[in-house]
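Novice: Let me begin by handing over the structure; questions about it come next.
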Amino acid sequence: MRCGMEKTFSFEKLGQDGKARTGVIHTTRGDIRTPAFMPVGTAATVKAMMPESVAATGADILLGNTYHLMLRPTAERIDRLGGLHKFMNWDKPILTDSGGFQVMSLADLRKLTEKGVTFKSHIDGSRHELTPERSMEIQRLLGSDIVMCFDECPALPADRDAIAKSMRLSMRWADRSREAFGDRPGHALFGIQQGGLEQDFRQESAEALRNIGFDGYAVGGLAVGEGQEAMFKCLDFAPDMLPEDKPRYLMGVGKPDDIVGAVARGIDMMDCVLPSRSGRTGQAFTRHGVVNIKNVRHKDDPRPLDENCTCPACSNYSRAYLHHVYRSQEMISGMLLTWHNLHYFQELMQGMRDAIAAGTFEAFQKTFHETRANGDIERL
Ligand SMILES: [Zn+2]
């Protein structure tokens, strides 16, 4: 790169196997290998993890939540303190959501109008307003590398009229988001496809977004209680409607088998609280499925969670120890299990990237499902 040339956001596809893609998203803060899993750092921290530990698990990018950060410590304060990267000591890329989804799921006394949403904070009851313009401003103050359009996401099931009305409002908001975002070299704005499980509405939404033009495209409005079968049915057509040469992001997904199925259907990026949240409730994700460390069967077990895992929890501690610190409510329990879970999710992504590049993704999926179906190792 020549000195003085502005590095900008771009997506480079390196391989494809069936619908599954692998590639790299280039950003000014470093490359994001795809398919990518983004750990969630809701309140400027991935709970129970130091940022350098999150990076050590293989994460190239984190997700931050606009709704939480605007309420506490506020976007203006983070801006004054040098932006979110400096504030939380994470120098790799950050994607922020728009706040729309969490206003709908967490805030009190919401009022939705054409202009935006007014609501009461779940923390102290204070009144706030989020509009496409305000969401763009907050995400700019945070210094987010990938900014999401402000949208509305109806809970499923909903009737077709409600889904269409909500999707069309989100498309008008997408237009206003694009306008308010303006021209910010090195920063990307993603549009969000809506339309529930309805193929015609997904198509209408995709066309509206393509006409506006974005740096990447998210499939929104899934993983909201419709179940895996319905989600996969929608993913059989929804990603294909989005531009082939831009990253496709499935928001809020998911469990390991959701992730593998989504990648098989052409998704490049995902995020979920599951590995970190489960780590704090004694659940570990392994090749063999979910292990409940609180289960008494682990009490005397000197073996690691997964003998093939190279994370600190598996390298240095037994199931008996992990069981003990969980039962004793020691902080290290959440720390070790979160580290293991994030490590497992990132290894899963690396395995998929390698398999797609090698053209062996079908065999990868077969092994993934068979190993899980066999279940956890025999008890001692
Ligand atoms: Zn491990």
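Novice: Given 335, 349, which one is outside any loop (DSSP other than H, G, I, E, B), more than 14 Å from the ligand (Cβ to nearest atom) and buried (at least 16 other Cβ atoms within 10 Å of the Cβ)? Please lay out each step first, then the result.
Specialist: Details: 335 fails: more than 14 Å from the ligand (Cβ to nearest atom).
Result of the check over 335, 349: 349.
Novice: While we're on this one: Can you tell me which of (1) crowded, with 16+ Cβ neighbours inside 10 Å; (2) at negative phi is the one residue 48 doesn't meet?
Specialist: The failed condition is (2).
Novice: Name the residue that is surrounded by the most Cβ atoms within 10 Å (Cβ to Cβ), counting only residues in the range 271-307 that are near the ligand (Cβ under 9 Å from one of its atoms) and not aliphatic (A, V, I, L, M).
Specialist: From the range 271-307, those near the ligand (Cβ under 9 Å from one of its atoms) are 284, 286, 304-306; that's our starting set.
The next check asks that each one be not aliphatic (A, V, I, L, M); those that pass are 286, 304, 306.
On the way: 286: 21, 304: 21, 306: 23.
Step by step, filter the range 271-307, then rank; the result is 306.
Novice: Still on this structure: Tell me, which strands (runs of 3 or more DSSP E) lie completely within the range 9-69 with 3 or more residues that are touching a residue at least 12 places away in the same chain (Cβ under 8 Å), within 15 Å of residue 270 (Cα to Cα) and under 13 Å from the mean Cα position of the chain (by Cα)?
Specialist: On the way: elements: 10-17, 20-27, 30-34, 36-39, 62-64.
The qualifying strands (runs of 3 or more DSSP E) are 36-39, 62-64.
Novice: One residue is enough: does the range 316-328 have a residue meeting the conditions out of contact with any His (no Cβ under 9 Å at 6 or more places or on another chain), assigned by TED's automatic domain parsing to the domain that holds residue 361, within 10 Å of the ligand (Cβ to nearest atom) and within 28 Å of residue 253 (Cβ to Cβ)?
Specialist: Checked against the condition, which is being out of contact with any His (no Cβ under 9 Å at 6 or more places or on another chain), assigned by TED's automatic domain parsing to the domain that holds residue 361, within 10 Å of the ligand (Cβ to nearest atom) and within 28 Å of residue 253 (Cβ to Cβ), the range 316-328 yields no hits at all.
Novice: Of the conditions (1) assigned to a loop (DSSP other than H, G, I, E, B); (2) under 21 Å from residue 8 (Cβ atoms), residue 190 fails just one. Which one is it?
Specialist: The single condition residue 190 does not satisfy is (1).
Novice: Another one. What pairs come out if I take residues in the range 96-116 that are farther than 17 Å from residue 223 by Cβ and pair them with residues that are part of a loop (DSSP other than H, G, I, E, B) and not charged (D, E, K, R) whose C-beta lies under 6 Å away, six or more apart or interchain?
Specialist: If the second residue must be part of a loop (DSSP other than H, G, I, E, B) and not charged (D, E, K, R), the pairs left are 96/144; 107/122; 115/131; 116/131.
Novice: Still on this structure, please answer the following. Only one of 218, 230, 208 is buried (at least 16 other Cβ atoms within 10 Å of the Cβ), assigned to a helix (DSSP H, G or I) and at negative phi; which? Steps first, please.
Specialist: Numbers: 218 fails: assigned to a helix (DSSP H, G or I); 230 fails: buried (at least 16 other Cβ atoms within 10 Å of the Cβ).
That would be 208, the only listed residue that is buried (at least 16 other Cβ atoms within 10 Å of the Cβ), assigned to a helix (DSSP H, G or I) and at negative phi.
Novice: Restricting to the range 114-128, what's the tally of residues that are surrounded by fewer than 16 Cβ atoms within 10 Å (Cβ to Cβ) and farther than 21 Å from residue 165 by Cα?
Specialist: The initial filter retains those residues of the range 114-128 that are surrounded by fewer than 16 Cβ atoms within 10 Å (Cβ to Cβ), namely 114-115, 120, 122-127.
Checking which are farther than 21 Å from residue 165 by Cα leaves us with 120, 122-127.
Matching residues across the range 114-128 total 7.
The values are calculated or read from the model by the stated rules, or taken from the named source; none is laboratory data. From a predicted model like this one, the values you see are computed outputs, not experimental measurements. FYI the Cβ positions are ideal-geometry reconstructions off the backbone, even for glycines, and counts take in every protein chain you see.
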